Amino acid sequence: MTAPIAHVDIYAARRARLAAQLGEKGEAGVAIIPTAPERARNRDSDFAYRHDSYFYYLTGFTEPNAWLVLDASGRSTLFCQPKDLEREIWDGYRLGPDAAVAALGVSAALSVADLDTQLPKLLENQHTVWYPFATHKGLETRVDSWLNTVRGRVRFGAQCPAQQRDVCGPLDEMRLIKDAHEQEVMRRASAISAQAHVRAMQTSARRLRAGQEVREYHLDAELLHEFRQHGSQFPAYTSIVAAGANACVLHYRADAAPVRDGELVLIDAGCELDGYASDITRTFPANGKFTAPQRDLYNLVLASQEAAVAATKAGARFVDPHEATVNVLAQGLLDLGLLSKSKHGTAQDVIEKRAYFAFYMHRTSHWLGMDVHDCGSYVEPSELGQLSDRKDPLSGESIVNRPSRLLREGMVLTIEPGLYVRPAADVPEVFWNLGIRIEDDAIVTSQGCELITRAVPVHADEIEALMRA
């Protein structure tokens, strides 16, 4: 007998919450949510399978080739792969429809082979069909086909759905607030990732002290070892391990570049655990000792992060941590001479003209959850109609602004300021090719935020002490 999936009640409650939003104004609706397809890596091998986040959020089910159909009454039908002992010898165990009802808590389960015959029946006499827009290639065509089958029965009294709506809207709002179970999984993922960063830091210093070669892929291997050693299923994204000047490339991938004594290393890496991502960045001296210019620039980025952390709390705006970061960086860039006071004026002038953009070109935060850049609007829904215009001082474009999202307890976001200094005639040479980013994951609380990734040190003295160990 198949054991129920852990926390089956959590997934049932989520389905009930979504079902309550499918029948607005008494108009019955039905939602269709597929999981992700398997994808070929090469001729006879697939990429490691990873489920669709929306589907998993509602089912906890990780097998491929599955669909969830949910109607406004709360009835849920799972379509999944049928039992096939021969295929299971090759590809692994399948839950199968007979066991799925008890294991997943759904109302009914059918073979995915019956999807095209059963979907028109489930859509018949519904007012609205909901499905995720622009996320599954070919899904719109399949929905059209099922609706055409329903239209073929209108002479027999069948009603065809008159509307199609994006189910990502209500699901995004649900996923934006993490419940206690989600927060706990994310804390565990963060703890594993922090251990991986510590391992990579110490390995770098130890190998250099021993006179051994260190390359980016050596440190990447340490990350992967620690992820899997503690039960993570995957890296949450392709790890960035950037030595020296490579740290000035924002989306650099771990490669074969040497890690040199006296240079900095930037590692942006996090594991995925039970469907939830972590996301940590640390920048450290390869040999365990900051030079004076490295420390000065590092401490500026850290001060900007501390300002952003202080601005992250329930009731604040999503944009507030970014603005706090920019205020600190603008003044620091002037103080360190990376921006000339005679040319750029005050910190406020630097901000208004976006002169800092040459060194800091990304935002400070993004949502984090099942996806590394998780779903959820960055605009406050209650203030969508409040528009304002501004002209970008760099591009000259006119930009329409809407009020930034109000932070609420249970939201999870990254806080990740950085500075990236490329060689330039008007930039002090001691800072050339230094790329520094510091990133932590924060759960918004009523009093501020909980940083769940600080098991890996962040202060320069603490990093040096760790790497001496």
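Brief remarks follow.
- Just one of the numbered conditions (1) closer than 30 Å to E184 by Cβ; (2) touching an Asp or Glu at 6+ places or on another chain (Cβ under 8 Å) is not true of V379: (2).
- Close pairs from the range 322-341: first among the β-branched types (V, I, T), partner outside any helix (DSSP H, G or I), Cβ under 7 Å, at least 6 apart: T325/T364; T325/P417
- Those helices (runs of 4 or more DSSP H) lying entirely in the range 45-147 with at least 2 residues out of contact with any Asp or Glu (no Cβ under 9 Å at 6 or more places or on another chain) and surrounded by 19 or more Cβ atoms within 10 Å (Cβ to Cβ): 53-59, 97-104, 115-123
- Any chance Q331 is surrounded by fewer than 22 Cβ atoms within 10 Å (Cβ to Cβ) and either among the aliphatic types (A, V, I, L, M) or at pLDDT 95 or above (or both): yes
- Of all residues in the range 334-366 being at positive phi and over 28 Å from the mean Cα position of the chain (by Cα), the one that is surrounded by the most Cβ atoms within 10 Å (Cβ to Cβ): G345
- Qualifying positions in the range 20-44 - polar (S, T, N, Q) and crowded, with 16+ Cβ neighbours inside 10 Å: Q21, T35
- Only one entry of D426, D389, D440, D461 meets the criterion of being acidic (D, E), assigned by TED's automatic domain parsing to the domain that holds E263 and crowded, with 18+ Cβ neighbours inside 10 Å, and that entry is D440.
The values are calculated or read from the model by the stated rules, or taken from the named source; none is laboratory data. None of the values given here were measured: they were computed from a predicted structure. No Cβ is skipped: glycine too gets one built from the backbone with ideal geometry, and neighbour counts run over all protein chains shown.
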